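S.K.: Dropping the structure in here first, questions after.
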Amino acid sequence: MFIENGGDLNTIIIYATKHGTVEKAVSLLKRNLKGNIIIANVNKHVPSLEIFDTVIIGGSIYYGKVQKELTQYMKKNSRLLLTKRLGLFLCAGHPNPQQRKIEMENAFPKEILEHALLTSSPT
Ligand SMILES: Cc1cc2nc3c(=O)[nH]c(=O)nc-3n(C[C@H](O)[C@H](O)[C@H](O)COP(=O)(O)O)c2cc1C
């Protein structure tokens, strides 16, 4: 799985989806990123984070909440996640941008959100 690449960055995108939108977003993201990109569904096997420089985490919002498996994963791995270049995103459909900002704040643990280089929910 890991390719020795002479210096390119290794990125893992860890995601959760219910109806496939996040999965589509992840494919688009992968197409637009450089380096080695591994994709992992949080409900299946997520490889050890040691070899990755960059970790991108994304999920979707249902009734105000992100998938609990994603929350559990972030809590369990927070120490290691805080050593990585982090990107966070949500797929969400709430029409009010202020509400989507709140959803973003609630979906990710505070220290992870503060550590992230990039965060995004629909605008
Ligand atoms: C039953 C249901 C509840 C939803 N609740 C919310 C919500 O509370 N806030 C929000 O921003 N979007 C909400 N959405 C929109 C989804 O987050 C959005 O469609 C997302 O792209 C789904 O991603 P997925 O297909 O990867 O699961 C809801 C959608 C459905 C079908």
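The values are calculated or read from the model by the stated rules, or taken from the named source; none is laboratory data. Only a predicted model underlies this, so the values are computations on that prediction, with no experimental measurement involved. Using ideal geometry, Cβ is built from the backbone for each residue, glycine included, and neighbour counts are taken over all protein chains shown.
S.K.: Can you tell me which of 75, 24, 68 is within 19 Å of residue 119 (Cβ to Cβ), at pLDDT 95 or above and among the basic types (Lys, Arg)?
M.R.: Criteria check complete, one pass: 75.
S.K.: May I ask you to verify whether residue 44 is in a loop (DSSP other than H, G, I, E, B), touching a strand residue (DSSP E or B) at 6+ places or on another chain (Cβ under 8 Å) and within 16 Å of the ligand (Cβ to nearest atom)?
M.R.: The answer is no for residue 44.
Per-residue answers, yes or no, for (1) without any contact (Cβ under 8 Å) to a residue 24 or more places away in the chain; (2) closer than 19 Å to residue 62 by Cβ; (3) part of a loop (DSSP other than H, G, I, E, B):
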| position | (1), (2), (3) |
| --- | --- |
| 86 | no, no, no |
| 94 | no, yes, yes |
| 99 | yes, yes, no |
| 106 | no, yes, no |
| 122 | no, yes, yes |
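Yes/no matrix, rows are residues, columns are (1) among the basic types (Lys, Arg); (2) touching a Phe, Trp or Tyr at 6+ places or on another chain (Cβ under 6 Å):
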site: 35; (1), (2): no, no
site: 40; (1), (2): no, no
site: 51; (1), (2): no, yes
site: 61; (1), (2): no, no
site: 65; (1), (2): yes, no
site: 72; (1), (2): no, no
site: 79; (1), (2): yes, no
site: 83; (1), (2): no, no
site: 119; (1), (2): no, no
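S.K.: Right, here's the next one. What is the one condition in (1) outside any strand (DSSP E or B); (2) under 13 Å from the mean Cα position of the chain (by Cα); (3) within 18 Å of residue 121 (Cα to Cα) that residue 60 does not satisfy?
M.R.: In the conditions (1) outside any strand (DSSP E or B); (2) under 13 Å from the mean Cα position of the chain (by Cα); (3) within 18 Å of residue 121 (Cα to Cα), residue 60 misses (1) alone.
S.K.: List every residue pair whose Cβ atoms sit under 7 Å apart, with the two residues 6 or more apart in sequence or on different chains, where the first one lies in segment 40-58 and is closer than 14 Å to residue 70 by Cα and touching a residue at least 12 places away in the same chain (Cβ under 8 Å) and the second, anywhere, is aromatic (Phe, Trp, Tyr) and outside any strand (DSSP E or B).
M.R.: What qualifies is 42/73; 46/73.
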